[in-house]
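Structure first, then comments.
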Amino acid sequence: MGYDELARSRRDEIVNACAELYESMSFKDITLREIGERTSFTRTSIYNYFHTKEEIFLELFKREYEAWTDDLLAVLRGHERLSPREFADELSRTLERRERLLKLMSMNLYDMEGNSRPEALAAFKAAYGGSLGAVRACLGKFFPRMTREDIEGFIYAFFPFLFGVYPYTNVTDKQREAMDAAGIACPRLSVREITASIAERLLESFK
């Protein structure tokens, strides 16, 4: 195995270990030590590939955006025409499969980016830009009456909305108890339901 291939393999192993921990732990509770204990090499070797825990999470975030972009491009290639309702449903299905992406979106991105090197941040932004481009391409194909301003209007409404989807659809037992005590109705919408609803509303004038 060459050096570049070994480096890529070890970076993937580190990110996979982080992803596994993130299934049951919060960002603040995951340490480089715990990530290192799940790899096949010494913990100190992590610093040869990532300088901070935030850089590892940023790489995981990048990977999730790339996977979502692939899903969006599959929708683009797989259909000639879609109505607003049909596209909203397809879009919501891609997000339903990307719960980890939505969970990462709900984190404090400023701290994650602030503690990462410029090259890591640039690679992440490129992946994020890929998802923006894929959504723009879908809108341009399925809704030819949309102007550039219309498409950007959808982007600026829909993408910020996504940052609140995970906490709204994944209420913890502690949060549920507090809401019950406060007399507040607990939301019971799924990722698919809430994202399809907002997407269809944003596109309703382009039927």
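Between S106, S26, S83, S92, which is without any contact (Cβ under 8 Å) to a residue 40 or more places away in the chain and hydroxyl-bearing (S, T, Y)?
S26
What single numbered condition from (1) in contact with a Cys (Cβ under 9 Å, 6 or more places away or on another chain); (2) outside any helix (DSSP H, G or I); (3) hydrophobic (A, V, I, L, M, F, W, C) fails to hold for I35?
(2)
Based on what the data block shows, is S24 out of contact with any helix residue (DSSP H, G or I) (no Cβ under 9 Å at 6 or more places or on another chain) and part of a loop (DSSP other than H, G, I, E, B)?
It is true that S24 is out of contact with any helix residue (DSSP H, G or I) (no Cβ under 9 Å at 6 or more places or on another chain) and part of a loop (DSSP other than H, G, I, E, B).
So which pairs qualify, if the first residue must be in the stretch 121-150 and farther than 24 Å from T52 by Cβ, the second must be charged (D, E, K, R) and in a loop (DSSP other than H, G, I, E, B), the Cβ gap must be under 7 Å, and the two must be at least 6 apart or on different chains?
F142/R81
If A127 satisfies every condition in (1) within 14 Å of the chain's Cα centre (by Cα); (2) surrounded by fewer than 17 Cβ atoms within 10 Å (Cβ to Cβ) but one, which is the exception?
(2)
Given the residues F158, F143, which is the only one that is farther than 27 Å from S26 by Cα, in the same structural domain as L76 (by TED's automatic domain parsing) and among the aromatic types (F, W, Y)?
The conditions single out F143.
Return the residues of the stretch 169-197 that are out of contact with any Ser or Thr (no Cβ under 8 Å at 6 or more places or on another chain), surrounded by 14 or more Cβ atoms within 10 Å (Cβ to Cβ) and assigned to a helix (DSSP H, G or I); say none if nothing qualifies.
Hit for the stretch 169-197 is M179, nothing else.
Quick one: count up the residues across the stretch 109-120 that are aliphatic (A, V, I, L, M) and either within 23 Å of P84 (Cα to Cα) or touching a residue at least 24 places away in the same chain (Cβ under 8 Å) (or both).
Matching residues across the stretch 109-120 total 2.
A17 - would you say it is surrounded by 14 or more Cβ atoms within 10 Å (Cβ to Cβ), outside the structural domain of F143 (by TED's automatic domain parsing) and small (G, A, S)?
Yes; evaluated as a whole, the condition is true for this residue.
Within the stretch 77-101, which residues are farther than 17 Å from E200 by Cα and either in the same structural domain as Y3 (by TED's automatic domain parsing) or surrounded by fewer than 21 Cβ atoms within 10 Å (Cβ to Cβ) (or both)?
R77, G78, H79, E80, R97, R98, E99, R100
Can you tell me how many residues in the stretch 34-66 are small (G, A, S) and crowded, with 16+ Cβ neighbours inside 10 Å?
Total satisfying the criteria: 1.
The values are calculated or read from the model by the stated rules, or taken from the named source; none is laboratory data. Fair warning: this is a prediction, and the values are worked out from it, not measured in the lab. As a convention, Cβ positions derive from the backbone with ideal geometry for all residues, glycine included, and neighbour counts pool all protein chains shown.
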